[in-house]
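The values are calculated or read from the model by the stated rules, or taken from the named source; none is laboratory data. Keep in mind the model is a prediction, meaning the values are calculated, not measured. Here Cβ is always computed from backbone atoms with ideal geometry, including for glycine, and neighbour counts include all displayed protein chains. For accessibility, only protein heavy atoms count, side chains too; no ligands or nucleic acids. Shrake-Rupley method; radii C 1.70, N 1.55, O 1.52, S 1.80 Å.
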Amino acid sequence: MIRLEDPMMIRAFVVAVACVCAAVPARAAVVEAVDLPTLCRDATRIVHGVVVGEASAWRDGIIVTRVTVAVRRALKGPAARTLVVSRLGGVVDGIGQVAPGEAELAPGEEIVLFVEPVLGELRVVGMAQGVFHVADGRAAQRLAGLTLVGAKARERTYTLRALLAAIAREAR
Amino acid sequence: MRPSRASARLVVLALAVAAPARAYVRTTTKSSNPPCPGPTAVPLQWRQVVIPYVVDAATTPDVPGGAVDAVRASFQTWDDVASSYVTFRFDGTMANAPVGYVMGGPNENVVKWIESNWSQSTRAIAVTLNTFDCNSGEIFDADILLNGQNFLFTIAPTGPTAADVQNTVTHEVGHLLGFDHAPDPESTMYADAPLGETKKRDLTADDAQGMCDVYGLGHEPADAGPPDAAGPDAGSPRADDGGCAVAGQGAGGRGLLLVLLWAAARYGPGRRATALISRAFGRRTPSRSRVHRRRSFHRCGYVWRVMSMSCVSMSAHSSICSGVSARRPR
């Protein structure tokens, strides 16, 4: 039986508690999100492609970044070789703007993207929820920076093949 | 039993109940998309003691009489962190308050409902836009936009049908201050916010710890004005308890709670456990912030009385809100 009357044992106990604090990772967010059927329903266009360019510019005091995606496969909506989607924030002349939760779209990255028309531009559905980042045959959401309303699903990871098949079923 | 084996058992026990991290997170110059150039991620931070803000005069038609008081209460919640030097100053309402940032121009930190022509994702309920310097991380301007086009708002939620203004804006003010989402489900800065939720109106110890660490008394920017420049609407006076007295939930809150619960159950009332630890380390146990005391007594009841020795996450005792929520089209 462990006895805590001994000061040495008490120190050991507190050290053990400190281990709890030190051993865990600094980030471990798992966030509830809009589910895949809803993404498919909201999106007017769904594409599998690669980010090939981005350009940030001021627009009435707000930095908007337009991202160009080379489409490998159109899963919903019109077939086109490229798609341009706008997102909030970016960097212009050493000034940055950030809206936590906005979609991450990095040049060179393979993605599955869900977009909707908003005021004449394409926007990512549900901000970061509407992007699956593809690597090594897997497609995953990154929701760490996103405020979510609802509890329909959690951050999702699929094999690319399974995701494309699910989208094909939902978007039919 | 030899001490070494006992120690090993304790360490194993502690690690066995370790919980996910609980700690505030800061937005950095690498958080934007695309990120700022350069190798270093600099945390975003205001370099002023007094942060003024205005509320667009139209507020929201969902709340009779407007929602200005609820917005002000949201800022006041962060203002009330006694160990922080930052003070918010309400500069009144403004018709057609301008959103965004103009270099060299007059800029306002704005809270504004957008009732038509919402230009972001239709599923976004609120967006905070921070403008900052890529080199220093200094925040120049911040605006909070609320999606009145696609969501209903309320100041007295009765269910998952409308977003509580104070709950939403308190969370967004955290972003305005440069905080990102925290992994603790109880945190005001947690990412999930079901419609009708109100728990984010109050800060957790971890949220307050973030304020203390980033904007702690005694660490005011050298070129900033004194706190009393805030004016009459700046909120409650600072407490004269400089330094970071907030004992946050920190990492491994639930694991810590369980280990301490075990100790309390095994060795009797908390006073005895406290005395034992005090004896071992020869000093008093940590102090607690006003914010944390208030919240702990509300949320924790007997656990607090049993374990007066430390700040403990209450997440193990609080159910994570799994409220239903869906977008509510207008």
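Values as computed for the structure displayed
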quantity	calculated
Full-extension gain in nm, residue B:91 to residue B:149, via 0.36 nm per residue minus C-alpha separation	18.3 nm
Semi-axes of the equivalent ellipsoid for region B:141-210, Cα gyration tensor, largest first, Å	20, 15, 9
Volume in Å³ per residue [convex hull over Cα atoms, computed for region B:92-181]	124 Å³
Solvent-accessible area of residue A:64 with every protein chain in place, 1.4 Å probe, in Å² to the nearest 10	10 Å²
Test item: A:117-124 mean partner chain Cβ contacts at 10 Å	3
Karplus (6.51, -1.76, 1.60) ³J(HN,Hα), θ = phi - 60°, over region B:132-142, in Hz, Gly and Pro reported as x	8, 8, 5, 7, 9, x, 5, 7, 8, 7, 8
Hydrodynamic radius by Kirkwood, which averages 1/r over all alpha carbon pairs of region B:111-229, in angstrom	15.7 Å
